[in-house]
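The values are calculated or read from the model by the stated rules, or taken from the named source; none is laboratory data. Quick caveat: nothing in here was measured; it's all calculated off a predicted structure. Cβ placement follows ideal geometry from the backbone for every residue including glycine, while neighbour counts extend to all protein chains displayed. Note: areas computed on protein heavy atoms with side chains; ligands, DNA, RNA excluded. Shrake-Rupley method; radii C 1.70, N 1.55, O 1.52, S 1.80 Å.
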Amino acid sequence: MSYVNFGCFELNDFCLIKGFDANDINLDKHIIFNDCLLYYGNLQTAFNNNSLLCFKGELYEVDLFKDSLNIDVSLFNFAELLLMYINKYGIDSINDLYGFFSFVYINNDGVYLGRDHIGIKSAYYYNNGQKVIVASKKGEILKRLDNIVVDKDGLCELFGMGPSNSLGKTLYKGVFEVGIGSYLKITDKLEEITYFKLKDYEFNDNFDEAKEKLKDLLNKAIRRMIPNDKYASLLSGGLDSTIITLMAQKYNDKLESFSINYEDNDKDFVANSFETSSDAMNIKYVVNPNELKHNELLITNNQVIDNLKRAVLLRDAPGMTTIDSSLIYLLEGIKKKGFSKVFSGECSDELICGYRWSYAKGELNSFPWIRGTTVKQRLINKSIKLDLDKYVKGEYISFINKINANDEDKLIYQLNINYFMQNLLKRASEIADGLDICMLVPFADKDFVKYLYNVVFNYKYFDKTEKYILREAYRDILPDEIYKRKKSPYPKSQSKKLANSLILKLQEALKGESILTELIDRDELNKIIEAKEFDFPWYGQLLRKNELIAYLYQIHLWGQEYKIQLDLK
C-alpha cells in the first residue's frame, strides 16, 4: 500500500479500518477488536470484553458521570467515562454531554463514529464497498488510500463552496464527513443519525430577562472551560474576544492575551466596510485598564507565504490562505510561551447577527458569503464542464428544504451554524490540533446555541447595531470604545509587498508541473492579476484578490503534496 508524505506533524488522531488485512498493521499503537483495526496514537482509549471506545477532545460537567454511574470520576479518563456511560444508557445518551469531541465506539451491534453537538471536532469516513475507514482527520484516511481522487463534484466543492464544504462532503471521492450533532452507525450498511437538533418554541422572555439569561449561559460556558493552570486568550480588541478575555480573567487570572499583526500592515491598512478599524488601536482600551499581560506577535510577509504550505498539510486541503498562515504563527507563538489552552471568541457573529447577511431581509437566494462563483467559473479551464453557480445553489436549496425553518431569521441562523460557522470552527480546530493546542470556544456551547435560536431578532439586532443584546449584557465590563466598535473580522494583511510576492509565487508555480495547468485558464488568471478594480470579498468578509491568488497557490501545493488524481469524467 502506498503512502503520501504529509510532512512531519505529530498528530493525535484516531483511525479505524473495518475490513483490513495484515499489511495495514504498521503502527505500534493499535488494537484489533472484532473485525476492526484501530490506530489511536496518543489518544485515550477504553475497552472491556464487549466494547471499545477511542476519544478525542474534552468533556465538562463530569459530575454527570459521578451521579449516574456512582463512581469516583477522578479515577477514569474521558474515554473510560464515556464508554461506561454509553454502555449503560445507549449511544444517544451522548446528547447529555458537554464538551467538544469526536469518538469511535465499537460493540457487538456495530461501529459508531460520533462528533459533538456543534461540530468543534470533526469525524470522517471512507467507504468503497469492501473497506470502511473512519477517522478524526481527513489525512488519516487519505494516507491509507492507494489513490487520492478528486472528481467533478470535488472540483465544485473546491471552486464553488470552497474553502467551506457542502454538508457531509469533502474534496475527495469516497470521503465524507459526519454531520454536526450526529453519529454514523456502521453495520452491514452505513446510517447517519442526528442526536442533536435545534427546536422551535414560543419565546416569551422580555429583553432584560433574555439579556440576563444569555449572560448566565455564556458565563457558565466560560467557567466550564477554565483551566486550573495558566492559559491564553486571543484578543483582537473586538466585542467577542474582549468579553471572553475579561470574563475568563475574572474566573482565573493566570491569563495572558495574544494578538497578531502583519509586517507593513500599519502602513498599508485601509479601512473598508468589513474591516472597519485595525485591532492594534483597540486592544489598548482593553489591556491598559484591566492590567492584562498582552503579547502582540508580528508575522513577516515571508512567514505568511511559508505557512501557506503548512496550512494545507494541517488542514488536508486548501483553506483560508493567509488567514490560516497567521493563525499557525499565532498559535505557535502561544505554545512557545508554554500555553496549551487558548480561549477564542469564535462563533458569536454567526449566532447574534454579527454579519451583514444576518439582517439583510428578503435578499437571500443562496449562501450570502459565497460571492465569487462567476469569477471562479471564468478561471476554470473551458474543457472542464462545471456549473459552479448551479452546484452552490443546489446545495442551498437542498438544505433549506431539509430544515424547513419557519422564518427567515432562523433560516439564516441554521445556514450560519451548518456552513459558515463550520468552516471557521474547522479552521481553528484543525490548525490547533495539529500544533497540539486546545482551542476553547465558549460561544459554541450547546445550551447557548439552543437558547439563541429562539431569541427574537430585534434583541440581536436593534437600532442598526449588530449583537445588540450581547453588548448590553456585558456593558458594565466593556470599555466604551469596545462597546461601540463595529464588527471587524479576524485580522489579515493588507501589505502591498505581500500581494506582489503572492503573485510571483503563483506565476513561478505555473512555470513548472502543477495541477493548475489542467484546471485554470491562464488568460483569465492574467486578467485577474492585472485588474486593479478586482477587490470584492469572494468568500466571507476577508477573502479578496490577494487571497484568491493565495488560494490558487495553495491548490498548486495541495496537488503536489497529495498527488491528486483528477477524475473529470
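Please determine whether any residue of the range 182-197 is open to solvent by 50 Å² or more (accessible area, probe 1.4 Å) and under 20 Å from ASP407 (Cβ atoms). Yes, the range 182-197 contains at least one residue that is open to solvent by 50 Å² or more (accessible area, probe 1.4 Å) and under 20 Å from ASP407 (Cβ atoms).
Condition (residue is free of Cβ contacts under 8 Å to residues at least 24 places away in the same chain, at negative phi and outside any helix (DSSP H, G or I)) applied to the range 534-552: is it met by at least one residue? Yes; the residues of the range 534-552 include at least one that is free of Cβ contacts under 8 Å to residues at least 24 places away in the same chain, at negative phi and outside any helix (DSSP H, G or I).
Within the range 300-314, is there a residue that is of a type in the set (Gly, Ala, Ser), outside any loop (DSSP other than H, G, I, E, B) and over 30 Å from ASN458 (Cα atoms)? Please lay out each step first, then the result.
Step one: list which residues in the range 300-314 are of a type in the set (Gly, Ala, Ser), which gives 311.
Next cut, outside any loop (DSSP other than H, G, I, E, B) only: 311.
The next check asks that each one be over 30 Å from ASN458 (Cα atoms); those that pass are 311.
Taking every residue of the range 300-314 in turn, at least one turns out to be of a type in the set (Gly, Ala, Ser), outside any loop (DSSP other than H, G, I, E, B) and over 30 Å from ASN458 (Cα atoms).
Comparison of LEU327, LEU351, LEU314, LEU331 shows that the only residue that is more than 27 Å from LEU239 (Cα to Cα), touching a residue at least 60 places away in the same chain (Cβ under 8 Å) and either open to solvent by less than 20 Å² (accessible area, probe 1.4 Å) or aliphatic (A, V, I, L, M) (or both) is LEU314.
Only residues that are more than 30 Å from GLU296 (Cβ to Cβ) and open to solvent by less than 50 Å² (accessible area, probe 1.4 Å): list them for the range 208-234, please.
First, the residues of the range 208-234 that are more than 30 Å from GLU296 (Cβ to Cβ): 208-214, 216-217, 220.
Matches in the range 208-234: ALA210, LYS211, LEU214, LEU217.
Per-residue answers, yes or no, for (1) closer than 17 Å to VAL175 by Cα; (2) buried (at least 24 other Cβ atoms within 10 Å of the Cβ); (3) of a type in the set (D, E, K, R):
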site: ASP72; (1), (2), (3): no, no, yes
site: PHE76; (1), (2), (3): no, no, no
site: PHE103; (1), (2), (3): no, yes, no
site: ILE133; (1), (2), (3): yes, yes, no
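Condition first: in a loop (DSSP other than H, G, I, E, B), touching a residue at least 24 places away in the same chain (Cβ under 8 Å) and out of contact with any Phe, Trp or Tyr (no Cβ under 8 Å at 6 or more places or on another chain). Now tell me which residues in the range 206-230 satisfy that.
Let us first name the residues in the range 206-230 that are in a loop (DSSP other than H, G, I, E, B), namely 206, 226-230.
Then drop every residue that is not touching a residue at least 24 places away in the same chain (Cβ under 8 Å), which leaves 226-230.
Residues satisfying the conditions are PRO227, ASN228, ASP229.
The set of residues in the range 493-516 being touching a Phe, Trp or Tyr at 6+ places or on another chain (Cβ under 6 Å), open to solvent by 10 Å² or more (accessible area, probe 1.4 Å) and not in a helix (DSSP H, G or I) consists of GLN494 alone. Scanning the range 235-259 for residues that are touching a residue at least 12 places away in the same chain (Cβ under 8 Å), part of a loop (DSSP other than H, G, I, E, B) and either open to solvent by 30 Å² or more (accessible area, probe 1.4 Å) or within 17 Å of CYS347 (Cα to Cα) (or both) yields LEU235, SER236, GLY237, GLY238, LYS254.
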